Amino acid sequence: MESRLFRGTSFHTIDAKGRIIIPARFRNTITAGGGEGVMISGMDSGLFAYTFDEWGRIEARVLAEKSDSMRRFRRVFIGGAFECAIDKQVRVLVPPTLRQYAELDKEIVIVGVLDHFEIWSKERWEYEQGLMEQDMKKEDVRNEIAKLGL
């Protein structure tokens, strides 16, 4: 089993200055992934955080795509990314534009998604869970999951 992956869900708060505490189980993965910080960008009304090494791989893949739609995607996803250092209290300052995009106010959810982790407002996370429950009622979705052996 790969130990350099993000897994699990944690409920936290974001402080008035926009800082979040990184879950302890994520810290070694971040350090092993190229440094003492993460790259954060917005997608799907949440924030996606990557180790520096993984971010480099993403940039290489995105740059290799030359279509007009990928050029627009690159402007938004890569152009909206921020390098966020981990401070001595193991917190990351989420830039104001990203906090506004994800509507992070007080209660947040941090979700490990293997190659990255996501940061959601609690309200938006509950909405996303509702969408998943709706998806699970669809036969084609259940069949896709069954193909994974789950």
GLY8 fails exactly one of (1) surrounded by 14 or more Cβ atoms within 10 Å (Cβ to Cβ); (2) in contact (Cβ under 8 Å) with a residue 24 or more places away in the chain; (3) not in a loop (DSSP other than H, G, I, E, B), namely (1)
Worksheet entry | Flag if ARG75 is among the basic types (Lys, Arg), assigned to a helix (DSSP H, G or I) and surrounded by 11 or more Cβ atoms within 10 Å (Cβ to Cβ) | no
So, first residue farther than 17 Å from ILE110 by Cβ in segment 125-139, second residue outside any loop (DSSP other than H, G, I, E, B), Cβ within less than 9 Å, six or more apart or across chains; the pairs are ASP135/VAL141; ASP135/ARG142; MET136/ARG142; MET136/ILE145
Yes or no: segment 90-106 includes at least one residue that is crowded, with 17+ Cβ neighbours inside 10 Å and among the polar types (S, T, N, Q). no
**Prompt:** Among the residues of segment 93-106, is any assigned to a helix (DSSP H, G or I), of a type in the set (Phe, Trp, Tyr), under 15 Å from the mean Cα position of the chain (by Cα) and on the phi < 0 side of the Ramachandran plot?
**Reply:** yes
Report task. State whether the residues of segment 3-18 include one that is modelled with pLDDT under 90 and closer than 18 Å to HIS116 by Cβ. Result -> yes
Over segment 20-36, the set of residues touching a residue at least 40 places away in the same chain (Cβ under 8 Å) and either closer than 23 Å to GLU103 by Cβ or of a type in the set (Ser, Thr, Tyr) (or both) is ILE20, ILE21, ILE22, PRO23, PHE26
Within segment 31-52, restricting to residues that are in a strand (DSSP E or B) and of a type in the set (Val, Ile, Thr), the one that is farthest from GLU107 (Cα to Cα) is VAL38
- Query: Somewhere in segment 140-148, is a residue in contact (Cβ under 8 Å) with a residue 60 or more places away in the chain and either of a type in the set (Phe, Trp, Tyr) or not in a helix (DSSP H, G or I) (or both)?
  - Reply: no
Counting only residues that are surrounded by fewer than 15 Cβ atoms within 10 Å (Cβ to Cβ) and under 13 Å from the mean Cα position of the chain (by Cα), segment 16-42 contains a total of 0
The condition of being of a type in the set (A, V, I, L, M), touching a Phe, Trp or Tyr at 6+ places or on another chain (Cβ under 7 Å) and farther than 14 Å from ILE14 by Cα holds, among VAL109, VAL76, VAL38, only for VAL38
Going through (1) loosely packed, with under 12 Cβ neighbours inside 10 Å; (2) part of a helix (DSSP H, G or I); (3) not acidic (Asp, Glu) one by one, LYS137 fails only at (2)
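The values are calculated or read from the model by the stated rules, or taken from the named source; none is laboratory data. Keep in mind it's a predicted model, so treat the numbers as computed, not measured. Cβ sites come from the backbone with ideal geometry, for glycine too, and all protein chains shown count toward neighbours.
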